[in-house]
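Read the figures in this text as sums done on the coordinates, not as results from a lab. Since the model is a prediction, treat every value here as computed from it, not as a measurement. Virtual Cβ from ideal backbone geometry, glycine too; neighbours counted across all protein chains shown.
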Amino acid sequence: MSSHPTRPLLPPPVIYLLFLGAAWGLQRLLALDLPQNDWTFYIGWGLIDAGLLLMLWAGLLMLRRKTTVNPYGRPRKLLDEGPFGFSRNPIYLADSLIYCGIALLFGSLWTWLLLPLLILGMHYGVIVREERLLVELFGEDYQDYRKRVRRWL
């Protein structure tokens, strides 16, 4: 793992798993249950499915365009089509959808209380660092893309 200032501190899936693990641990220490019903079950699985489909769409497009999916890799192309046409970070958006789906299924307030910290961790520990690399590699093209496409949605 690199400590280069343009590389993520940790692999993004690890960050999401750490926050889910922290929520689980906190729930065991101090249970903060949320009500669950059929809707939380169906919406939870719907968010997980939507996240997996978005991740698959973005990942396949990256592979097809011969650029890296690895957050420690060096992108070869700036993508602005498919899911990258509406989100600069569709895979992290997908990770967040999956996290929220799991949070609904888990039924603990802890997952929701940790969500803002997770988003901040992703922003400063991963996204800002990746954006520095993209500016280095793609310059004005990336700056124009940033003006056209929102970070999350």
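So who's got an amide H within less than 5 Å of the one on Ser108, skipping anything under 5 residues away but keeping other chains? H placed 1.01 Å off N, in plane.
For Ser108, the qualifying residues are Leu34.
Which of these, Leu63, Leu105, Leu115, has the largest mean-square fluctuation under a Gaussian network model of the chain (Cα springs below 10 Å)?
Leu63
Arg148 versus Glu136, label points 7 Å from Cα toward the beta carbon: distance in nm?
For the pair Arg148/Glu136, the computed spacing is 2.5 nm.
Test of understanding: given the chain, find the longest segment containing no trypsin sites (Lys or Arg not before Pro) that are in a DSSP loop and have at most 16 other Cβ atoms within 10 Å.
78-149
Can you give the angle from 0 to 90° between the axis of helix 12-29 and the longest principal axis of the chain, with both taken from C-alpha atoms, to the nearest 10?
20 degrees
For the chain, find the longest principal axis of its Cα atoms and tell me its angle to the long axis of helix 109-122, 0 to 90°, nearest 10.
10 degrees
Extending each Cα 7 Å along its Cβ direction at Trp112 and Trp45, get the distance between those two points in nm, one decimal.
2.2 nm
Relative to the present Cα-Cα distance, how much length would full extension add between Trp57 and Val69 at 0.36 nm per residue of separation?
Full extension from Trp57 to Val69 adds 3.1 nm.
To one decimal place, what orientation-averaged projected area in nm² is obtained for the convex hull of the Cα set of the chain?
Mean projected area for the chain: 9.3 nm², to one decimal.
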